[in-house]
Amino acid sequence: MPRPTPALALTVTLALSGCGATEAGTTGASSGGDASGELQVVASVYPVEFLVERVAGDHATVTSLTPPGVDPHSLELSPRDVGSLGSADLVVYSAGLQAAVDEAVDSQAGDIALDVAPAADLLALDETEEEHAEHAGGGEDEHGDEHEDSEEHAADEHGAEEHEGHDHGGEDPHFWLDPERYGRVAETVADRFAEVDPAHAEDYQANAAALVSELTALDEEFVEGLADCASRDVVTTHEAFGYLAQRYDLHQLGITGISPEAEPSAARLAQITAQVEELDVRTIYAEPILTDAVARTVAQETGTQVLTLDPLEGITEESAGQDYLAVMRANLQALSEGLDCS
């Protein structure tokens, strides 16, 4: 039997609760938590949940809208999930990553929502940091013209098939795979916590600073570990690793584009197989919560090995670690092995 769509879930919730959930959320935010004094915080997805928990410390109870093992891009929300937003003190999410969450936030969260995407300073698909900086320095019309030129150049140079599954003009939402970017988001979350609960503002700032310090150390490990590699070409199931590639001077080749649900055509599989052979790539990277069938098909055709690279969209019992930091270090190990780094 088909599952209810996010829109239907919202309709049911609103019919049941009217405006009460939104009013409850406003009251909760002004009182700074529930009867125990803890803030009630809803996070959209694991990377946001981890960051929020670290910043909040003992001052909040954090729940996630995305269950472990569920592809966050195709998340559907129940009426209970949607209703939980209105009774929270704070809802933290990244707009553009999950359509169901965006819709629920618009309907239920109001001014208790924090969108972390602006703090992450998202890149457009296939955009470099240098191009992004140039665009940010120009006017809106100039940015639009430059972006249009960039798209035309990409289409001319690479052909339509190379970017199968892409939605040019959109942004890559996987900012947390760049530890430096992730740290900037942590600081923004701490600032918002301090506004909601000023009595513990110093704790939130200290917690964020401690996390940023850990992320800085992680970043240094990646820089050192990936400094000297026989290959810098990372072939992945889908293009979730753009920020990681940008940060550490790697070249990402996705079998499919930014959407993990896209199925590669026979032409795309032939093209990526040819690129793997031409670039002498030795490893294809699969993901833990997606089927590895496509990765293994390419590996079989090219005689390469399959390793796991985790985009950290969720933690399960099969994950290579129990939190963001541990899985990122497992990713570093997988990259070092697959790229033959010394």
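The values are calculated or read from the model by the stated rules, or taken from the named source; none is laboratory data. Values in this document were obtained by computation on a predicted structure and should not be read as measured data. No Cβ is skipped: glycine too gets one built from the backbone with ideal geometry, and neighbour counts run over all protein chains shown. Note: areas computed on protein heavy atoms with side chains; ligands, DNA, RNA excluded. Shrake-Rupley method; radii C 1.70, N 1.55, O 1.52, S 1.80 Å.
If I filter the stretch 203-242 down to residues being within 22 Å of His132 (Cβ to Cβ) and among the acidic types (Asp, Glu), which single residue comes out as surrounded by the fewest Cβ atoms within 10 Å (Cβ to Cβ)? Talk me through it step by step, then tell me what you get.
So the first thing to find is which residues in the stretch 203-242 are within 22 Å of His132 (Cβ to Cβ), and the list is 212, 215-216, 219, 222-223, 226, 232, 234, 236, 238-242.
Filter once more, keeping what is among the acidic types (Asp, Glu): 219, 239.
Values: Asp219: 18, Glu239: 26.
Selected residue: Asp219.
I'd like the full set of residues that are among the acidic types (Asp, Glu), out of contact with any strand residue (DSSP E or B) (no Cβ under 8 Å at 6 or more places or on another chain) and not in a loop (DSSP other than H, G, I, E, B), limited to the stretch 74-108. Talk me through it step by step, then tell me what you get.
Taking the stretch 74-108 first, the residues among the acidic types (Asp, Glu) are 76, 81, 89, 102-103, 106.
From what is left, the residues that are out of contact with any strand residue (DSSP E or B) (no Cβ under 8 Å at 6 or more places or on another chain) are 76, 81, 103, 106.
Matches in the stretch 74-108: Asp81, Glu103, Asp106.
If I ask for residues that are within 14 Å of Ser342 (Cβ to Cβ) and of a type in the set (Ser, Thr, Tyr), which ones from the stretch 221-236 would you list? I'd like the intermediate steps shown before the answer.
Keep residues of the stretch 221-236 that are within 14 Å of Ser342 (Cβ to Cβ), which gives 224-232.
Listed by number, the list holds a single entry, Ser231.
I need the full set of residues from the stretch 291-342 which are surrounded by 18 or more Cβ atoms within 10 Å (Cβ to Cβ), of a type in the set (A, V, I, L, M, F, W, C) and assigned to a loop (DSSP other than H, G, I, E, B), in order please.
Leu309, Leu312, Ile315, Leu339
Inspect all residues belonging to the stretch 265-277 and state whether any of them is in a loop (DSSP other than H, G, I, E, B), farther than 21 Å from Asp178 by Cβ and not small (Gly, Ala, Ser). Steps first, please.
Pass one, the stretch 265-277, residues in a loop (DSSP other than H, G, I, E, B): 265.
When the remaining residues are screened for being farther than 21 Å from Asp178 by Cβ, the result is 265.
Subsequent filtering for residues that are not small (Gly, Ala, Ser) retains none.
Looking through the stretch 265-277, none of the residues is in a loop (DSSP other than H, G, I, E, B), farther than 21 Å from Asp178 by Cβ and not small (Gly, Ala, Ser).
Could you check how many residues of the stretch 70-86 are of a type in the set (D, E, K, R) and surrounded by 19 or more Cβ atoms within 10 Å (Cβ to Cβ)?
Taking the stretch 70-86 and keeping what is of a type in the set (D, E, K, R), we get 71, 76, 80-81.
From what is left, the residues that are surrounded by 19 or more Cβ atoms within 10 Å (Cβ to Cβ) are 81.
The total comes to 1.
Of the numbered conditions (1) over 16 Å from the mean Cα position of the chain (by Cα); (2) open to solvent by 10 Å² or more (accessible area, probe 1.4 Å), Arg247 satisfies every one except a single condition; which is it?
(1)
Could you tell me which residue of the stretch 262-279 is most open to solvent (accessible area, probe 1.4 Å), considering only residues that are among the acidic types (Asp, Glu) and closer than 17 Å to Arg296 by Cα?
Glu263
Does any residue in the stretch 301-325 that is farther than 16 Å from Leu218 by Cβ come within less than 8 Å, Cβ to Cβ, of a residue that is small (Gly, Ala, Ser) and exposed (fewer than 15 other Cβ atoms within 10 Å of the Cβ) six or more places away or on a different chain, and which pairs are these?
Cβ pairs passing all conditions: Gly314/Gly69; Thr316/Gly69.
Can you pull out the residues in the stretch 280-290 that are part of a loop (DSSP other than H, G, I, E, B), open to solvent by less than 30 Å² (accessible area, probe 1.4 Å) and not β-branched (Val, Ile, Thr)? Steps first, answer last, please.
Here is the first cut: in the stretch 280-290, the residues part of a loop (DSSP other than H, G, I, E, B) are 280-282, 287-290.
So of that shortlist, the ones also open to solvent by less than 30 Å² (accessible area, probe 1.4 Å) come out as 281, 287.
Listed by number, the list holds a single entry, Glu287.
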